[in-house]
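Asker: Pasting a structure below so you can have a look.
The values are calculated or read from the model by the stated rules, or taken from the named source; none is laboratory data. From a predicted model like this one, the values you see are computed outputs, not experimental measurements. Methodologically, a virtual Cβ is constructed for each residue, glycine included, from the backbone with ideal geometry; neighbour enumeration extends over all protein chains shown.
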């Protein structure tokens, strides 16, 4: 049996559309996001950890996508956005940044 973290692995080889497999994929995506929140700046790590704890489970699909896009930013750029020292080019980022800034 292959380890659970191999690409393409399905719980008990369930069909792709099964509820158990969908739940597994959702959990895997949340773990990916948690991993991407681990940064090289302590201040950013603390803010993102608090955000994960308080808001991640309540984000809708659009805000989750925006959050993923923000995580693609380099550490210093992301910290500047979160601290309000710069503004995002994409206005879709503002609601998520407001949540991050409120921490």
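Asker: Mind checking which residues of region 34-44 are assigned to a helix (DSSP H, G or I) and surrounded by 12 or more Cβ atoms within 10 Å (Cβ to Cβ)?
Answerer: 34, 36, 43, 44 - these are the residues of region 34-44 that are assigned to a helix (DSSP H, G or I) and surrounded by 12 or more Cβ atoms within 10 Å (Cβ to Cβ).
Asker: Also: Of all residues in region 88-103, which are within 17 Å of residue 53 (Cβ to Cβ) and in a loop (DSSP other than H, G, I, E, B)?
Answerer: Once the filter is applied, which keeps residues that are within 17 Å of residue 53 (Cβ to Cβ) and in a loop (DSSP other than H, G, I, E, B), region 88-103 yields 102, 103.
Asker: Would you point out the residue of region 5-33, among those that are surrounded by 13 or more Cβ atoms within 10 Å (Cβ to Cβ) and over 30 Å from residue 49 (Cβ atoms), that is modelled with the highest pLDDT?
Answerer: 18
Asker: Given the structure, is residue 31 part of a helix (DSSP H, G or I), under 11 Å from the mean Cα position of the chain (by Cα) and without any contact (Cβ under 8 Å) to a residue 12 or more places away in the chain?
Answerer: When the stated conditions are applied, residue 31 passes them.
Asker: Can you tell which of 81, 103, 59 is at pLDDT 95 or above, surrounded by 12 or more Cβ atoms within 10 Å (Cβ to Cβ) and in contact with a helix residue (DSSP H, G or I) (Cβ under 9 Å, 6 or more places away or on another chain)?
Answerer: 81
Asker: For region 45-52, indicate whether the set of residues that are loosely packed, with under 12 Cβ neighbours inside 10 Å and more than 12 Å from residue 96 (Cβ to Cβ) is non-empty.
Answerer: No, because not a single residue in region 45-52 is loosely packed, with under 12 Cβ neighbours inside 10 Å and more than 12 Å from residue 96 (Cβ to Cβ).
Asker: Filter region 67-87 for residues that are in contact (Cβ under 8 Å) with a residue 12 or more places away in the chain and over 14 Å from residue 37 (Cα atoms) and give the result.
Answerer: Result: 81, 83, 84.
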